[in-house]
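The values are calculated or read from the model by the stated rules, or taken from the named source; none is laboratory data. None of these values were measured; they are calculated from a predicted model. Virtual Cβ from ideal backbone geometry, glycine too; neighbours counted across all protein chains shown. In case anyone asks, the SASA skips ligands and DNA or RNA and just uses the protein heavy atoms, side chains included. Shrake-Rupley method; radii C 1.70, N 1.55, O 1.52, S 1.80 Å.
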Amino acid sequence: MTGVKMADEKSQPTFVIAAPQDDQPKKSSRLTRKNILIAVVSLVITALILIAVLVGIRLYSDHELESLKLQYSMNMKDKDNQNVNQNVSADANANIVQYDVQKDGVKATILQDFDKGIQVSRVESESGVACYLAALNRSNAQEPSKLPTTTPTPGDDSQTRQLVYKVDNKPIKDLSFLGKRASTLCANVPTHWMVPSCDGDETGLTNSTSADATHSVQKRATVCATCGGYYCVCGCCNAVCGSFASSTYTWYYSNGVYYCTYYMYYVSCRVYLNAYPYYNCYLGGRQYYYPWS
């Protein structure tokens, strides 16, 4: 407001201008030290809870991967003095059985998930690494509760079973449906679906020469013959010929049976070697017998 101050008559009038004053009292800030402290504490608690959840998830995942229990091991040498190793592990809670096999420089992991009904095979050889998925054939599989806890002794009366699969050339991009263990097993590895194949005939098998055995399909001389212009790989007393997705077959021993699995794009022939006695199989002067015979 503006005020005027009058002097006496002899002096000049004096004008005094005063700044207007706010009649309303100033409001104090709503954020007090107490409010700030509460906010900081809340943020810290939220961060700690988030960290605890993430750590819990990680521990659960690690436990899931480590919960396989070794059931038994088989470690021997075959007649070619090659190391033959098989470890069999199981997780009863997850209903999973895993075979880790190494023979002739080939490493294979066969994971059988009985809850999901899927078999996952990770094959590592000189030609590379790949994973193959198939529906689990329960008639060829042993559940965790039925596995022996001591090392079995394969005998001459053990059977062999040839499993030939046709591989889909198109890789699978998303493996999350497999679950933590299988998706981790095949992470960053080309992974393909495969289905059982009944293709091929039993004619036209020709013994291979030593030169054939150096063919790139398998450097360790499992190339045993040719058929219809295709190379053949022998194992478990069988010869399978055609175009191979994997440069080798894989095998594992379970419940008295040797399983030899072939991963194919195309099958031209497959022949049982019809050896006698049946646990010693020969073709072209080379023996394709049980690993423990």
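The table below gives the values:
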{"quantity": "Violating pairs (Cα-Cα greater than 30 angstrom) within the set Lys146/Lys173; Lys116/Lys146; Lys69/Lys170", "calculated": "Lys146/Lys173; Lys69/Lys170"}
{"quantity": "Heavy atoms of Ser127: accessible area, 1.4 Å probe, square angstrom to 10", "calculated": "80"}
{"quantity": "Net lengthening on full extension, Val257/Thr153 (0.36 nm per residue, minus Cα-Cα)", "calculated": "36.3 nm"}
{"quantity": "Solvent-accessible surface ranking, highest first, for Thr248, Thr151, Thr160 at 1.4 angstrom", "calculated": "Thr151, Thr160, Thr248"}
{"quantity": "Fraction of accessible area attributable to carbon and sulfur, region 222-261 (%, probe 1.4 Å)", "calculated": "38"}
{"quantity": "Full-stretch length increase - Tyr265, Asn85 - with 0.36 nm per residue and alpha-carbon distance subtracted", "calculated": "62.0 nm"}
{"quantity": "Candidate residues Ile96, Ile45: accessible-area rank, largest first, probe 1.4 Å", "calculated": "Ile45, Ile96"}
{"quantity": "Nearest-10 value in Å² for the accessible area of Leu185, using the 1.4 Å probe", "calculated": "40"}
{"quantity": "Cα→Cβ-extended label distance, 7 Å offset, between Lys69 and Arg138, nm", "calculated": "2.3"}
